[in-house]
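Visitor: Take this structure first; my questions come after.
The values are calculated or read from the model by the stated rules, or taken from the named source; none is laboratory data. Since we're looking at a predicted model, the values are computed, not measured. No Cβ is skipped: glycine too gets one built from the backbone with ideal geometry, and neighbour counts run over all protein chains shown. Note: areas computed on protein heavy atoms with side chains; ligands, DNA, RNA excluded. Shrake-Rupley method; radii C 1.70, N 1.55, O 1.52, S 1.80 Å.
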Amino acid sequence: MKIQISDRSFAVTNSTLSTLIAELGTECLKVQALVNQLQLTSLTANQQAEILAELLAAAVHLHSHCDEDFQTLIAEEMENLPNDEDSLRVAYRSE
């Protein structure tokens, strides 16, 4: 199952973080699709096993994806965000 999110960029400055967010979004869409498949009532035992195996692999991937490095990149991005009050002052001065 190949799922891809939009090719649009994210509102983050770090390209590594942007790539990781895109991969995270893709994996989350995959998990949602698998959960939807598990809700089907006509699945055979083999189909259920395949879906559950893919769900397990996706859960492991998500767990490893959200490691300390990823969390650090997010924290750094947050620290670099301008203060909303500062942004408002700059916008107000330019009017």
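Visitor: Name the pairs whose Cβ atoms lie under 6 Å apart, with the first residue in region 47-62 and among the acidic types (Asp, Glu), the second surrounded by 13 or more Cβ atoms within 10 Å (Cβ to Cβ), and 6 or more positions between them or separate chains?
Guide: Listed pairs, sorted by first residue: GLU54/LEU34.
Visitor: In addition: Say whether the condition of being small (Gly, Ala, Ser) and either in contact (Cβ under 8 Å) with a residue 12 or more places away in the chain or within 25 Å of PHE10 (Cβ to Cβ) (or both) is met by at least one residue in region 28-43.
Guide: Checked region 28-43: at least one residue is small (Gly, Ala, Ser) and either in contact (Cβ under 8 Å) with a residue 12 or more places away in the chain or within 25 Å of PHE10 (Cβ to Cβ) (or both).
Visitor: Does region 12-42 hold any residues that are part of a loop (DSSP other than H, G, I, E, B), farther than 25 Å from LEU81 by Cβ and touching an Asp or Glu at 6+ places or on another chain (Cβ under 9 Å), and which are they?
Guide: Of everything in region 12-42, nothing turns out to be part of a loop (DSSP other than H, G, I, E, B), farther than 25 Å from LEU81 by Cβ and touching an Asp or Glu at 6+ places or on another chain (Cβ under 9 Å).
Visitor: Something else: Of all residues in region 59-86, which are in a loop (DSSP other than H, G, I, E, B) and open to solvent by 70 Å² or more (accessible area, probe 1.4 Å)?
Guide: Within region 59-86, ASN80, LEU81, PRO82, ASN83 qualify.
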